[in-house]
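K.L.:
Here's a structure for you.
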Amino acid sequence: MRRRLEGVAEVSISQREQTAEVTFAKGDYAFSSDAFRKAVAEAGVVVLSFQIDACGSIEQEQEQRWLVTERNRFLLSAGDTLPSDQPICVSGRLDDRAPPLRLHITDVQKGTE
């Protein structure tokens, strides 16, 4: 998987828990759920859902709020009220069923990693 996805630093797969954890190296890497699904499919893995950790800042565009990282933008689901224009790290469920990628935040840590 490291060879198929740019920026992957570590991969951990638990067959017992039926989970795969992928850690990206620090740096300017774009996340693609399509590329991720294709890479793990080659190993016979089917992605049912994404739980991600990401650091960036919140940007407001008209009625939409986005978590913006160096090369990624995630549309925040309605109800996510976070301060704009300051570093923030979040965990959440990523919905990639239709563009744009939507993020439902489940945990917040102010600052950066």
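All of the numbers you see were taken from the coordinates with simple rules; none came from a lab. Keep in mind the model is a prediction, meaning the values are calculated, not measured. Neighbour counts run over all protein chains shown; Cβ positions are idealised from the backbone, glycine included.
K.L.:
For Asp28 and Thr106, what does the FRET efficiency come to when R0 = 25 Å and r is the distance between their Cβ atoms, rounded to the nearest 0.05?
P.N.:
Values: r = 25 Å, r/R0 = 1.02.
The calculated FRET efficiency here is 0.50.
K.L.:
Using Cα pairs under 8 angstrom and six or more residues apart, how large is the relative contact order of segment 1-94, in percent?
P.N.:
Computed value for segment 1-94: 23 percent relative contact order.
K.L.:
For the chain, give the magnitude of the charge dipole about the Cα centre (Cβ charges: +1 Lys/Arg, -1 Asp/Glu; no others), in debye to the nearest 20.
P.N.:
Roughly 380 debye, rounded to the nearest 20.
K.L.:
Please give the FRET efficiency for Thr19 paired with Ala41, using the beta carbon to beta carbon distance and R0 = 22 Å, rounded to the nearest 0.05.
P.N.:
Calculated transfer efficiency: 0.90.
K.L.:
With only Lys, Arg, Asp and Glu charged, each at its Cβ (+1 for the first two, -1 for the last two), find how big the charge dipole of segment 50-110 is about the Cα centre; round to the nearest 20 debye.
P.N.:
120 debye
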